[in-house]
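**Student:** Below you will find the structure I want to go over with you.
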Amino acid sequence: MLKNVLETLEKNRIFRRKVEHIETLNERQAHYGEVKDLPSSLQKYLQDSHIQLYQHQVEATELIRNGENVLITTPTASGKTLAFNLAIVETLSRDEEATALYIYPAKALANDQLNVLKHLESSCGLDFKPNIYDGDTPRNIRPWIKENSRLILTNPYMLHLIMGWHHQWSRFYKNLKYVVIDEAHHYRGVFGSNVAFLIRRLRRICNHYGSYPQFILSSATLANPDEFSRNLVGMSFQEVNQDTSPSGKKHFVLYNPFAKWGDLSTHQETKNLFQLMVTNDLQTLCFTVSRKMAEIIAMWTKKELNQTRPDLVNRITAYRSGYLAEERRKIEKGLKTGSLVGVTCTNALELGVDIGSLDCVIISGYPGTMISTWQQAGRAGRAENESMVIMVAFENALDQYLMKHPEFLFHKSHENAVIDLQNKKITQGHLMCAVKEMPLTVDDFEKYFEADYDTLEAIRQGGLVKETLIGLTYIGRNDPAMNISLDQISSDHFKVFHNKRLMETMDRQHAYSEAHEGAVLINQGETYTVDSFDLAKRTINVKKMDVDYHTQALKNVDVSIEKEISSRKIGNFSVSFGEVKVSQDFYKYKTMLYGKTLSTYNLDLPPLKYHTRGLWFTVPGLVQDTLENVFTKKDAYAGSLHGAEHALISMFPLLVLCDRFDIGGLSTNYHPETGKATIFIYDAYEGGIGLAEKAVEVMEKLVEVTRDMVKSCQCRKGCPTCIYSPKCGNDNKPLHKKGTIFILESIMKMMKGESVDLPTDITYDHRETITAPFKHPMVGAEGYQEFENPENLTRKGESFYLNGNNKEALTCFQKALKMDENNISALKYQGMILAEQDSHAKAIASFKKVLKKREDDAEALYYLAVSLHETGNYSNSKDASWKLIEKRGDWDDAWHVLAMALQALGDKEGAITAYRKALAINPLNEDAADKLNGILED
């Protein structure tokens, strides 16, 4: 069946025009090894379970046996868990007092692993009493777990809260031999920096009780494994990275709904692909961008299958974290046993929950990181089964770059995971917790916390600690751990209420930008509008409301340099890194629908100011002079700098593990502190989290991939795929695409030590070509003018059309055609809309204009044949169909429309032959099948 699906994707015109690339990953043979001197109980367990150890599992076991800290970075489904479980259970079997701590980022993982450990315990006849200790653990059994369990599974949040009560866990800490941190790549950014200090506090407590546990990290592949593991734990590690497990052949398809002219959204394309897989009996997991889309795609699929394959309807479901635990376990079991053939989900199933082997994985939208992409892809083809992965692109810059540059996905190292130990706010919070846990000496401070003495002095001056003979001692009344959120830096939080129920909390910056008065707030896929925003009480009240518009806050940003920490010279180009002060003034917001502004409202919020760390670089005056000689349009230089800033930020997550919203930027053609045109990119968190600092290290690659992304975009003047930003505070004005490319290429030349010359492949724009009726004499007119050109009007019309707004879409296409009567796409869309409105005569005129300009346009021929048939012009419809078949005889729709014409003309035998030809190409063409059956029954 998988072979049939591959052929469909490669040959069926519905799919093949959107298949950008198919990468076939060859099968891999297993390499086995043997761990010597295992206890007989473990040997029997392996034999009874028919487990033969892979070489990398043997290597990890031996390293752990030898007392090393180990980082295991082999891929999903390679047996990482068994690699560390063997050595740990061996120790627990030999030493009846020994304990182990397993830390997981998600409860589902801990539950899954508990079952594995209990099975291992009973199979080996051991008694180490594994148990989960987290917020869901019943209070009445917590004391028993503290006193008896030798293997505890928990999460960082619970560990953070219970370490202040370490005396209750003295037995456990005294005998702690191993700490396992599974899915360690999740500990990055703010969360990772907090967990890094949490682990240092844990090590200090263990050492206090006389134990020095080994640390074992299990992680996805990283570009900086040594740096990451050292920063997370504060110790050196041995890495196990060679995967010796078997793997079947895997076909990785890059599917781009925006590659060619088409009329379906990414979500609709995902549904069609999902349906194609399950109707071919391929067990499929479909990852979506949100809970809501997981539900919707499952619903769409069930609705359509109810008409064609009702036997499959009850074998398809959605899966997300909001479901009850029993429901999730039932779905996981259904996947494992095969009773379910298709499941749509969020990234809740990305982590290592055991769901068995799958035939196909669909990834709807680039997940944001290479790590997540390969984690999700790894769900397909466990063991030696052949499998398929399809990644469906969205329109944004990252998705489109990967579609056009598959080598980056398949042949490049993965991202850098950043953990910053220099954020003073994070450091101070955890130092205060450490003092509360036990007195802090200078020796302890230097040994565990790797912070500067200014941070230590700051907590001394805070009034909550005092100097004693045994070190700094906590004298505050409240537990400082309660004031620290591991996911955030700021303690300046706003609470969002719905019907007096706390719905979520957010920091001030997110409250200003996403939950200001009048904002549309999305929570778990549902839409709410903000009724009230109380600055003094830091409360936000919302009401649930289904709206089709969204809101966007606009802001003015100012960045000042406080201290340059370092500067890196690359050829003739320099990039600086240091401390900066950011000021953001949220002054108004817009309500928007399909990219169109509906209304604008003023905001009255005090400026948001914070200190962070960032990078900046200047652009020489020579580049400005050259660019302005080429591009004479007003604001061309400012638009070029602005476009370069947006584009660099959009590609940032490709090299540094983060979200686009974790970073901010500013571009200006003159900055008072540098005296030149300057671009800033900074961490969007108080104190910084190390993202901009890491970007300085990979600056050459960042500029290169950014230039490639912008240059490969097919638009002329900029779009969401290249230089538009979804979070631009200046409403994406001004922007200049060609100038953006020129600036990025100039930087690349400077990095190589070359001179900056005039571009040879850019058309000069000395004169505007837009006619007067489309120029608005107002501030920002040039910015609005970016939309009022044929290409962007066509793109805007496509957006309206895809969302069912044919009236607005037709207006855009007609405007575009007034400005450029040769706009092929606008002519086609205009014809399609007119045909849907039963204005077939006008539709035929549109399609004929397309064919006059491009006589081999197969799609225009197809729609022309359909409209001719609808108007009763069967003979001409037949002629158009034959012309289409000469060019695209592999299209089932071409044979279908020919069959309809022949049937109308009374050529029954010819119609039967044509319908059969259509069905031979695409057996799923239900309309052709129904018409053929109708003829045969007559």
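**Student:** Among K818, K807, which is assigned to a helix (DSSP H, G or I), open to solvent by 10 Å² or more (accessible area, probe 1.4 Å) and modelled with pLDDT under 85?
**Tutor:** Details: K807 fails: modelled with pLDDT under 85.
Criteria check complete, one pass: K818.
**Student:** Hey, another quick one. Is there a residue being at pLDDT 95 or above and within 18 Å of G33 (Cβ to Cβ) anywhere in the range 107-130?
**Tutor:** No - not one qualifying residue is present in the range 107-130.
**Student:** Can I181 be described as touching a strand residue (DSSP E or B) at 6+ places or on another chain (Cβ under 7 Å) and under 19 Å from K129 (Cα atoms)?
**Tutor:** Details: touching a strand residue (DSSP E or B) at 6+ places or on another chain (Cβ under 7 Å): yes; under 19 Å from K129 (Cα atoms): no.
No: the conditions fail for I181.
**Student:** Quick test for you: out of L905, L919, L932, pick the one residue that is hydrophobic (A, V, I, L, M, F, W, C), modelled with pLDDT of 85 or more and buried (at least 20 other Cβ atoms within 10 Å of the Cβ).
**Tutor:** Working: L905 fails: buried (at least 20 other Cβ atoms within 10 Å of the Cβ); L919 fails: buried (at least 20 other Cβ atoms within 10 Å of the Cβ).
None of the others qualify; the one that does is L932.
**Student:** What about A110, is it crowded, with 18+ Cβ neighbours inside 10 Å and either part of a loop (DSSP other than H, G, I, E, B) or under 30 Å from the mean Cα position of the chain (by Cα) (or both)?
**Tutor:** Values: crowded, with 18+ Cβ neighbours inside 10 Å: yes; either part of a loop (DSSP other than H, G, I, E, B) or under 30 Å from the mean Cα position of the chain (by Cα) (or both): yes.
Yes; evaluated as a whole, the condition is true for this residue.
**Student:** Now for a separate question. When you scan the range 548-639 for strands (runs of 3 or more DSSP E) that lie fully inside it, which ones turn up with 2 or more residues that are within 21 Å of E514 (Cβ to Cβ), of a type in the set (S, T, N, Q) and touching a residue at least 24 places away in the same chain (Cβ under 8 Å)?
**Tutor:** Working: elements: 550-570, 573-593, 596-602, 608-619.
Here the list reads 550-570, 573-593.
**Student:** If you don't mind, another one. Sort out which residues of the range 54-67 are closer than 14 Å to T91 by Cβ, surrounded by fewer than 20 Cβ atoms within 10 Å (Cβ to Cβ) and touching a residue at least 60 places away in the same chain (Cβ under 8 Å), and write them in order of number.
**Tutor:** G67
Yes/no per residue for (1) among the hydroxyl-bearing types (S, T, Y); (2) open to solvent by 10 Å² or more (accessible area, probe 1.4 Å):
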site	(1), (2)
Y610	yes, yes
T618	yes, yes
V623	no, no
T626	yes, yes
N629	no, yes
H642	no, yes
E645	no, yes
L655	no, yes
D659	no, yes
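**Student:** Checking the conditions here, which among T505, T527 is open to solvent by 40 Å² or more (accessible area, probe 1.4 Å), more than 30 Å from M438 (Cα to Cα) and either small (G, A, S) or at pLDDT below 95 (or both)?
**Tutor:** On the way: T527 fails: open to solvent by 40 Å² or more (accessible area, probe 1.4 Å).
On inspection, the qualifying residue turns out to be T505.
**Student:** Given the criterion open to solvent by 10 Å² or more (accessible area, probe 1.4 Å), polar (S, T, N, Q) and at pLDDT 95 or above, identify the matching residue among S236, S247. It would help to see each step written out before you state the result.
**Tutor:** On the way: S247 fails: at pLDDT 95 or above.
Every option except S236 fails the conditions.
**Student:** Go through the residues of the range 377-400 one by one and say whether even a single one is open to solvent by less than 10 Å² (accessible area, probe 1.4 Å) and among the hydroxyl-bearing types (S, T, Y).
**Tutor:** Yes, there is a match, as at least one residue in the range 377-400 is open to solvent by less than 10 Å² (accessible area, probe 1.4 Å) and among the hydroxyl-bearing types (S, T, Y).
**Student:** Exactly one condition in (1) open to solvent by 40 Å² or more (accessible area, probe 1.4 Å); (2) assigned to a helix (DSSP H, G or I); (3) under 30 Å from K249 (Cβ atoms); (4) modelled with pLDDT of 90 or more is false for K44; which is it?
**Tutor:** Result: K44 fails condition (3) only.
**Student:** A434 - would you say it is touching a residue at least 40 places away in the same chain (Cβ under 8 Å) and within 20 Å of the chain's Cα centre (by Cα)?
**Tutor:** Working: touching a residue at least 40 places away in the same chain (Cβ under 8 Å): yes; within 20 Å of the chain's Cα centre (by Cα): no.
No: the conditions fail for A434.
**Student:** Within the range 285-307, track down each residue that is part of a helix (DSSP H, G or I), of a type outside the set (V, I, T) and in contact with a strand residue (DSSP E or B) (Cβ under 6 Å, 6 or more places away or on another chain). Let's see the steps before the verdict.
**Tutor:** Filtering the range 285-307 for residues part of a helix (DSSP H, G or I) gives 291-307.
Then keep just the ones that are of a type outside the set (V, I, T); that gives 291-295, 298-300, 302-307.
Once the filter is applied, which keeps residues that are part of a helix (DSSP H, G or I), of a type outside the set (V, I, T) and in contact with a strand residue (DSSP E or B) (Cβ under 6 Å, 6 or more places away or on another chain), the range 285-307 yields A294, E295, A298, K302.
**Student:** Looking at D856, D879, D838, which one is surrounded by fewer than 22 Cβ atoms within 10 Å (Cβ to Cβ), among the charged types (D, E, K, R) and on the phi > 0 side of the Ramachandran plot? It would help to see each step written out before you state the result.
**Tutor:** Numbers: D856 fails: on the phi > 0 side of the Ramachandran plot; D879 fails: on the phi > 0 side of the Ramachandran plot.
Of the residues listed, the single one that is surrounded by fewer than 22 Cβ atoms within 10 Å (Cβ to Cβ), among the charged types (D, E, K, R) and on the phi > 0 side of the Ramachandran plot is D838.
**Student:** Output the number of the condition that E415 fails; it satisfies all remaining conditions of (1) modelled with pLDDT under 90; (2) of a type outside the set (F, W, Y); (3) within 30 Å of C206 (Cα to Cα).
**Tutor:** That leaves (3) as the condition not met.
**Student:** What strands (runs of 3 or more DSSP E) lie completely within the range 127-203 and have 2 or more residues being free of Cβ contacts under 8 Å to residues at least 24 places away in the same chain and either open to solvent by less than 10 Å² (accessible area, probe 1.4 Å) or outside the structural domain of D659 (by TED's automatic domain parsing) (or both)? Even if it seems obvious, please write down each step before you answer.
**Tutor:** On the way: elements: 130-132, 151-154, 176-181.
Passing ranges, in order: 130-132.
**Student:** Here's a check for you: in the range 463-486, which residue that is exposed (fewer than 12 other Cβ atoms within 10 Å of the Cβ) and part of a loop (DSSP other than H, G, I, E, B) is farthest from the chain's Cα centre (by Cα)?
**Tutor:** That would be L469.
The values are calculated or read from the model by the stated rules, or taken from the named source; none is laboratory data. Since the structure is predicted, the reported quantities are computational estimates derived from the model, not experimental observations. When we count neighbours, we look across all protein chains shown, and the Cβ atoms used for this are built from the backbone with ideal geometry, even at glycine. Side chains included, ligands, DNA and RNA excluded: accessible areas come from the protein's heavy atoms. Shrake-Rupley method; radii C 1.70, N 1.55, O 1.52, S 1.80 Å.
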